[in-house]
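In what follows, a single structure is set out as structure tokens and then discussed.
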Amino acid sequence: MKILLVEDDAALAAEILKVLRAENFALDHAVNGEDAQHLGETEGYDAVVLDLGLPKRDGVSVLQAWRSAGRTMPVLILTARDGWSDKVAGFKAGADDYLVKPFRVEELVIRLRALVRRSQASGANRISCGPLTFDPGLGTFERDGLPLRLTGLEWRVLSCLILRKDAVVPRTQMIERVYDGDADVDSNSVEVIVTRLRKKIAPAHIESVRGHGYRLVPSVEA
């Protein structure tokens, strides 16, 4: 599952990101409303965790902008505002759930999975690329209808690519996603993972786009 976390409290965000990564969520993180709005309108997310008190643009206006743009991903509001009027404003803007701080991160995980399950049941489709199929709700891959066995790092690379299939994923973004932002990682290590994946997913293919990054396409072009 690909999740957008919008939270400007660095300590809280770090705690949430740590737990969600341990649960094999693919994650993007925004710390202000302007970045959050852009990501929500240009990326495909299975769910969003959205704080209300954000720099540059508040969470309610961000959510309203997403819904006006036709973005239907489930949104869980995460905030210290526990007043009834705040909850009403959040749900009117298009929220699907509401969790008040302080909270247990384990409860956040449970609620996120429930939101994604409901979204999947309401008609969201699995993602396919050639012989590959990815179920965002379950986090599983199939190749020609059979389960695809992947290591943890392979799963992170492939899920990042299939969620943006046919688009180029920058190498720097790939490294950040796979290695949780570790700046000391050798960029060649991603190429090693990509090489292993190419053997496992053929004829679907991962293209190297020189000077940019990688792109997942249905098959090797003749």
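The values are calculated or read from the model by the stated rules, or taken from the named source; none is laboratory data. Small disclaimer: the values here were computed from a predicted structure and weren't measured. Because the Cβ atoms are built from the backbone with ideal geometry, glycine has one as well, and the counts that use them run over all protein chains shown.
Do we have T72 as farther than 22 Å from T195 by Cβ, under 16 Å from the mean Cα position of the chain (by Cα), surrounded by fewer than 18 Cβ atoms within 10 Å (Cβ to Cβ) and not assigned by TED's automatic domain parsing to the domain that holds H29 here? Considered against the rule, which asks whether it is farther than 22 Å from T195 by Cβ, under 16 Å from the mean Cα position of the chain (by Cα), surrounded by fewer than 18 Cβ atoms within 10 Å (Cβ to Cβ) and not assigned by TED's automatic domain parsing to the domain that holds H29, T72 comes out as no.
Scanning the stretch 75-92 for residues that are among the aliphatic types (A, V, I, L, M) and over 20 Å from the mean Cα position of the chain (by Cα), we see that the one that is surrounded by the most Cβ atoms within 10 Å (Cβ to Cβ) is A89. Screening L161, L148, L112 for residues that are over 27 Å from A30 (Cβ atoms), at pLDDT 85 or above and surrounded by 17 or more Cβ atoms within 10 Å (Cβ to Cβ) leaves exactly one candidate, L148. The set of residues in the stretch 193-212 that are under 22 Å from L27 (Cα atoms) and either among the hydrophobic types (A, V, I, L, M, F, W, C) or at pLDDT 90 or above (or both) comprises I193, V194, L197, I206. In the set G40, G53, only one residue is of a type outside the set (V, I, T) and more than 18 Å from the chain's Cα centre (by Cα); that residue is G53.
For (1) without any contact (Cβ under 8 Å) to a residue 60 or more places away in the chain; (2) not in a helix (DSSP H, G or I), each residue gets a yes or a no:
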| residue | (1), (2) |
| --- | --- |
| Y98 | yes, yes |
| V116 | no, no |
| T133 | yes, yes |
| R149 | yes, yes |
| S159 | no, no |
| R164 | no, yes |
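One line per residue, one yes/no per condition, for (1) in contact (Cβ under 8 Å) with a residue 24 or more places away in the chain; (2) more than 18 Å from L112 (Cα to Cα):
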residue: I3; (1), (2): yes, no
residue: V6; (1), (2): yes, no
residue: A14; (1), (2): no, no
residue: V19; (1), (2): yes, no
residue: N24; (1), (2): yes, no
residue: D28; (1), (2): yes, no
residue: N32; (1), (2): yes, yes
residue: G40; (1), (2): yes, no
